[in-house]
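The values are calculated or read from the model by the stated rules, or taken from the named source; none is laboratory data. Remember, it's a predicted structure, so these values are computed and weren't measured experimentally. FYI the Cβ positions are ideal-geometry reconstructions off the backbone, even for glycines, and counts take in every protein chain you see. We work out accessible area using only protein heavy atoms, side chains counted, and drop any ligands, DNA or RNA first. Shrake-Rupley method; radii C 1.70, N 1.55, O 1.52, S 1.80 Å.
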Amino acid sequence: MAPVNRIIRFSSVDGPGNRTVVFLQGCNMNCRYCHNPETRALCVHCGDCVDVCPTGALSFSEGFVSYDHTKCIFCDACIKTCRHDASPRIRNLTAEETFPEIEKQLPYIRGVTVSGGECTLYPDYLTALFSLCKEAGLTTLIDTNGTLDFAAYPALLSVTDGVMLDVKSWDSSVHRSVTDTDNADVLRSLSFLAEHGKLEEVRTVVVPGLVDAKYTVRETARVIAPHLSKRPVRYKIIAFRPMGVREAFRSYETPDTALLSSLADIARAEGLSDVIIV
Amino acid sequence: MRTITMDRVNTTREKMLDVVKSNTLTHEQKVANMAILADSLLEVLELPEGLSDLLERDITDGQCICDLNEGHAPLRPRYIVPDYAKFMKEGSAFLELPPPSDLYEALNSLLIFYKHVPSVTNFPVYVGQLDVLLDPFVKDVDEATAHKLIRLFFTHMDRTILDSFSHANIGPVPTKAGEIILDVVGELEDAVPNLTMKTDPALTTDDFILRGVKAALHTAKPSFANHPMFTAEFPSGISAGKDAGNYVIASCYNGLPYGGGSYTLSRLILGNIAKRASGIEDFCTKVLPQVCDIMARYMDERIRFIVEDSGFFENNFLAKEGFIRRDRFSAMFGLVGLAEAVNCLLEKEGKKGQRFGHDKEANELGVRIMNIINDFNAAHENKYCEISGGHFLLHAQVGIASDIDVSPGTRIPIGEEPAELRDHLEVLSHFHKYFVSGTGDIFPIDLTVHRNPDYVLDIIRGAFKENLRYLSFYSADSDVIRITGYLVKRSEIDKLEAEQNVKHDTTALGMGAKHNGKILERKVR
Ligand code: SF4
Ligand code: SF4
């Protein structure tokens, strides 16, 4: 079982080709520039959001908020009200309950991406869901912050085609100041996944004044480069944009194109050929 | 020939003078319009009773049948699809051209030939299976030369075929020539000619489709045709080339027999027909079958005139030299406004909230209406349509610029598209199968897809598994855009709106469709 925040049926931006994306709720990092802060925490059932819902999709009884997705018009009034970085629009689904919503997109999709929040908080759910996807001939990708110790989950890895990993900062103290967590687990995942041919894509968000992007991109590319013969890896350099970010952190600037292309050049100089800027 | 009133003569003369004096029409457009007006004075067809009440009205005043200005005395079939492969092999006695021996001669010969292919627009609606025609010659020159020559050839077509109802085909088998053509159209960003890639899961590689998708995101072409579906529907006979099938895609997206074409195309305006009915049963059992019958008999008469009286097939060199064969012509039984008909009928039944494209009952009514039309056509016989079993071919017509509140064919109205592309595609999968002589849907694609053309590839591959027939994509920001089936440059519409001359007559149609058909407001995917 996992808390499903949202399912995007056709996506062109979450891995190769057309994919269905499942977003799970809850995250174990606290990134300053998180673009969907409402996916970070689980609902504490305070009830604040129930009254702002214009359609009666939310109700409160016996200390719990419940959500009727058939009534929801996705106006986002609830998540704007929530003070806990949570969302009431969560459905707790098993893999078996989730899969039919993916299957509807056949034969138009080539695969599934599970994202978050942090989807690897639910490794058993992922393993079960991906097993069902594999039976249907779909490819499977995980979009993660890299905190899971993948080596401890061989069953999950065996049904996972690739991992899209965020490397937020190479320097651990910077990483802590950006995310409130250390980056040792992330770097371990980077090496492990690259070595085992499971790395699909690495991303670094460029926030001038917050992140040491040049250092991060160079060191990350160096880890990946020796393993490129196992599979090609895309490096996605993402410009910070204030849209959707929590108010306290919106003042960071968007990097200019010169900086972004110099970062792409650094990755290319280390031997990566598939480098894109978004 | 029947006499007509002097009043009608004088009204027509006024219109002719307006054409002569027009500020915006080019010389060629004036000549074409003068011919249409002259033709409108002829009265030689035996018209079925009840036709004029259905035909001679404005679209906003209940017009139910539209003959798309084909004229009163058709002097040639509407759409002509010459066997260019035969021309490449044998040359032409009439044109005094021997078979070409290299790429220079092949391109030159084709450009000459195009000037001798009549059609309703006076321009060739089909310019050939160009990859198959050119590939043998491309191999003899270096790639840069081939690229340059083909680029000049395409520029020549755009500047001299002054109408974008003109269509080239490539695929399903990838070739060097096909690749060069895709690269060239991607670079040129011209409206003419339209381009279709015949696509077969067994024959067309991902790489070739992706090359097509990348070109389409620049310049709104090629479109993608479901090759196995068309191949199964058109009986074998003369083929457009190895694996290219016995059909072509011509004009907007019209599936037609190779080495033949279509005598005529009329269309049912279903929304207006529905307005005449008291409810669903009255429409399905009485009103619609009656209008179908009148339109079919009108088409029969037009065909009779072209075949028996016009002398076209006896005298034109295309027929005399075997580039077309009379027995490879059929006719297109067209329709528009299924969505409006369904919505109107449900409203009459007190179910106003139900909309075509969204509600099960509405979509099922759409299918029921299509089955009625399909069954009607299967029962109606025309002896000159041997190639299609003695019946017409159904056609989801794309609309004309003056259409108001009329959605093309079976399309979901712009502005009412389902929020999810998956749901949109599901609706289409119920309707594409009927239209052997063409239907298609158009999707403007978000810019982010430039980085992931595989997204479009997956949709194309999926759609053809679901028996969709024909799909077009363009990037939401490109200059060349697909209006309803044909292509127009936004920059040219801007010129025309500023009352400057433009070379392609379809630009005016695009301008009309922009205002009446809201084509710039399609849902971006
Ligand atoms: S997004 Fe849905 S649940 Fe939230 S307030 Fe709006 S309608 Fe209610
Ligand atoms: S979603 Fe937020 S506001 Fe709503 S009940 Fe849960 S914690 Fe409270």
Close pairs (7 angstrom Cβ cut-off, 6 or more residues apart or separate chains): part of a helix (DSSP H, G or I) in region A:86-103, within 16 Å of ligand 1 (Cβ to nearest atom) anywhere: A:Thr98/A:Val4; A:Glu101/A:Ile7
Hits in region A:71-118 (condition: within 16 Å of ligand 1 (Cβ to nearest atom) and acidic (Asp, Glu)): A:Asp76, A:Asp85
Search result, residues across region B:454-477 that are within 11 Å of another protein chain (Cβ to nearest Cβ) and either open to solvent by less than 10 Å² (accessible area, probe 1.4 Å) or aromatic (Phe, Trp, Tyr) (or both): B:Tyr455, B:Val456, B:Leu457, B:Ile459, B:Ile460, B:Gly462, B:Ala463, B:Phe464, B:Leu468
B:Glu416 vs. criteria assigned to a loop (DSSP other than H, G, I, E, B), modelled with pLDDT of 95 or more and not assigned by TED's automatic domain parsing to the domain that holds B:Phe230: no
Residues being assigned to a strand (DSSP E or B), in contact with a Leu (Cβ under 8 Å, 6 or more places away or on another chain) and polar (S, T, N, Q) - total across region A:1-47: 1
Pick from region A:32-47, criterion open to solvent by less than 50 Å² (accessible area, probe 1.4 Å) and farther than 21 Å from A:Ala2 by Cβ, ranking: nearest to ligand 2 (Cβ to nearest atom): A:Gly47
Boolean, B:Glu364 is over 23 Å from the mean Cα position of the chain (by Cα), free of Cβ contacts under 8 Å to residues at least 12 places away in the same chain and surrounded by fewer than 22 Cβ atoms within 10 Å (Cβ to Cβ): yes
Within region B:430-453, considering residues that are in contact with a strand residue (DSSP E or B) (Cβ under 8 Å, 6 or more places away or on another chain) and polar (S, T, N, Q), the one farthest from the other protein chains (Cβ to nearest Cβ): B:Ser437
Residue satisfying condition, being at pLDDT 95 or above and over 30 Å from A:Glu219 (Cβ atoms), within set A:Glu195, A:Glu97: A:Glu97
Residues within region B:506-525 that are among the charged types (D, E, K, R) and within 14 Å of another protein chain (Cβ to nearest Cβ), tallied: 2
Qualifying residues in region A:48-70 (those that are part of a loop (DSSP other than H, G, I, E, B) and surrounded by 14 or more Cβ atoms within 10 Å (Cβ to Cβ)) - the one farthest from ligand 1 (Cβ to nearest atom): A:Asp48
Matching residues, region B:479-496, being open to solvent by less than 10 Å² (accessible area, probe 1.4 Å) and of a type in the set (Gly, Ala, Ser): B:Gly485
In region A:110-139, residue farthest from the other protein chains (Cβ to nearest Cβ) [restricted to those that are assigned to a strand (DSSP E or B) and surrounded by 21 or more Cβ atoms within 10 Å (Cβ to Cβ)]: A:Val114
Inter-residue pairs, beta-carbon under 7 Å, first farther than 12 Å from B:Arg76 by Cα and in region B:311-328, second assigned to a loop (DSSP other than H, G, I, E, B) and open to solvent by 60 Å² or more (accessible area, probe 1.4 Å), 6+ apart: B:Phe317/B:Phe94; B:Glu321/B:Ala93; B:Glu321/B:Phe94
Tabulated pairs, region A:42-56, first without any contact (Cβ under 8 Å) to a residue 60 or more places away in the chain, second open to solvent by 40 Å² or more (accessible area, probe 1.4 Å) and within 10 Å of ligand 2 (Cβ to nearest atom), C-beta under 6 angstrom, 6+ apart or interchain: A:Val44/A:His84; A:His45/A:Phe64; A:Gly47/A:Phe60; A:Asp48/A:Thr81; A:Cys49/A:Thr81; A:Val50/A:Phe60; A:Val52/A:Thr81
First in region A:59-70 and farther than 20 Å from A:His84 by Cα, second anywhere and near ligand 2 (Cβ under 10 Å from one of its atoms) and modelled with pLDDT of 90 or more, Cβ under 8 Å, 6 or more apart: A:Asp68/A:Leu58; A:His69/A:Arg89
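Yes/no per residue for (1) buried (at least 23 other Cβ atoms within 10 Å of the Cβ); (2) on the phi > 0 side of the Ramachandran plot:
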{"position": "B:Ser223", "(1), (2)": "yes, no"}
{"position": "B:Asn226", "(1), (2)": "yes, no"}
{"position": "B:Ile238", "(1), (2)": "no, no"}
{"position": "B:Asp243", "(1), (2)": "no, yes"}
{"position": "B:Cys252", "(1), (2)": "yes, no"}
{"position": "B:Leu268", "(1), (2)": "yes, no"}
{"position": "B:Gly271", "(1), (2)": "yes, no"}
{"position": "B:Lys275", "(1), (2)": "no, no"}
Region B:147-159 - residue that is of a type outside the set (A, V, I, L, M) and touching a residue at least 24 places away in the same chain (Cβ under 8 Å) and, of those, most open to solvent (accessible area, probe 1.4 Å): B:Arg159
Residue count, region A:5-26 (criterion: surrounded by fewer than 23 Cβ atoms within 10 Å (Cβ to Cβ) and more than 14 Å from every other protein chain (Cβ to nearest Cβ)): 3
Pairs where the first residue, in region B:418-429, is more than 10 Å from chain A (Cβ to nearest Cβ) and in contact (Cβ under 8 Å) with a residue 12 or more places away in the chain and the second is open to solvent by less than 20 Å² (accessible area, probe 1.4 Å) and outside any loop (DSSP other than H, G, I, E, B), C-beta under 6 Å, 6+ apart: B:Pro418/B:His424; B:Leu428/B:Asp441
